[in-house]
Amino acid sequence: MIARITLYIAIGFVLLLGYIKFLERKSVFFPLKTVKMTPASLHIPFEDVYLKTEDNVKINAWFIPAKDAKYTLLYFHGNAGNLQDRLEKISIFKDLGLNTFIIDYRGFGKSGGSPSEEGVYRDALAAYDYLINTRKIKDSGIILFGESIGSAVAVDLAAKTKVRALILEGSFSRGKDIAKEIYPMLPAFFFSNIFDSVTKIKKISCPKLFMHSKDDEVVPLRLAQKLYDAAPGPKKMVELRGEHNDAFLASGNVFTSSIALFIRELN
């Protein structure tokens, strides 16, 4: 009888663990396939670009030039929507005198394939290689920008390559820490060690700008602080206000002026 009860408990544990893993994968990416707007909708010139990743997935990207730009911002967006949902930030970056190269991860917008952690890392590397090999932009002219889950993509790429600087907005320490926020009653070993930025950032020596809202309802400020504390210098933290997706607007000119100052200091 005891053996049977033990068996049932073990089976229940395995099923629960499998269900948690399933939810974990399903709750990461929320892609939108339809792209109805482009920078041209805001009268901003751009180039529509397609790239091939190392595992032969075709991804879509936009290159938005700025006059006399010294730096190109390689932009990794969050886990939902697609390129068209970032037009306001693209406009801000152009006004700051930055070229912007933004990609849609596999499974998003016009990009092929299905999103996964390793997949979006490959997408990021393909974008970096395109700037270096096709655009002939030096690594010293590339700044990585990652928002939300894109911050983990930017950190992974910065740990593997050379770039001038790294800007993170709405970042977090690792996926396991976010999962614990959603399921606080479950022990940590239930969750995969995905998007482990807190380990990778220790390898990154370039200047880093962290921006995070104290009001963020998705990623608590303390998880960004945990990532910041693990990062070597030079680094700076700027506190924003507003919700996770609109802090760059709700904070007024703090978002824009902080990036402008950071770039001036790079020079």
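Every read-out reported here was derived from the displayed coordinates using simple, explicitly stated rules and does not represent laboratory data. These numbers were taken from a predicted model, which means no experiment stands behind them. As a convention, Cβ positions derive from the backbone with ideal geometry for all residues, glycine included, and neighbour counts pool all protein chains shown.
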Hey, how many Å between the Cα centroid of the range 28-44 and the Cα centroid of the range 194-251?
25 Å
So if we plug the beta-carbon distance of Asn133 and Glu217 into 1/(1 + (r/R0)^6) with R0 = 45 Å, what FRET efficiency do we get, rounded to 0.05?
0.65
Given R₀ = 22 Å, what would the calculated FRET efficiency be for Ala250 paired with Asp95, taking r from the Cβ atoms and rounding to 0.05?
0.75
Under the rule of at least 5 residues apart or a separate chain, name every residue whose amide H is placed under 5 Å from the amide H of Phe76.
Phe145, Gly146, Glu147
Restricting to DSSP H runs of at least four residues, report the calculated mean residue ellipticity at 222 nm for the chain, -39500 (n - 2.57) per run over all residues, nearest 500 deg cm²/dmol.
-11000 deg cm²/dmol
Any helix of the chain counts here only if DSSP assigns it H throughout, its Cα atoms span 20 Å or more along the axis, and its mean Kyte-Doolittle hydropathy is at least 0.5, and such helices are 2-26
Could you work out how far apart the two model spin labels at Thr161 and Asn56 are, taking each label as a point 7 Å from the Cα in the direction of the beta carbon, and quote it in nm?
2.3 nm
GNM of the chain, Cα pairs under 10 angstrom: of Ala127, Ala40, Ala66, the biggest fluctuation goes to Ala40
Run the numbers for Ser114 and Ala40: contour at 0.36 nm per residue of separation, minus the present Cα-Cα distance, in nm.
23.9 nm
Comparing Val120, Val218, Val198 in a Gaussian network model of the chain (Cα, 10 Å), the one with the largest mean-square fluctuation is Val218
note: the chain, Cα-Cα separations exceeding 35 Å make up a percent value of 16 percent
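Please give the FRET efficiency for Lys70 paired with Lys203, using the beta carbon to beta carbon distance and R0 = 35 Å, rounded to the nearest 0.05.
Numbers: r = 26 Å, r/R0 = 0.73.
So, using R0 = 35 Å, E works out to roughly 0.85.
Quick one: work out the % antiparallel among DSSP beta bridges in the chain, nearest 5.
Numbers: 10 of 36 bridges.
Counting DSSP beta bridges with both partners in the chain, the antiparallel share is about 30 percent.
Just the projected area, averaged over all directions, of the convex hull on the alpha carbon atoms of the range 54-148: how many nm²? If you can, show how the numbers build up before the last one.
On the way: hull surface 23.3 nm².
With every direction weighted equally, the projected area is 5.8 nm².
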Sequence-distant residues sharing a close amide H with Asp215 (under 5 Å, placed H)
Gly242
What residue among His77, His244, His43 has the largest mean-square fluctuation in a Gaussian network model of the chain, using Cα springs under 10 Å?
His43
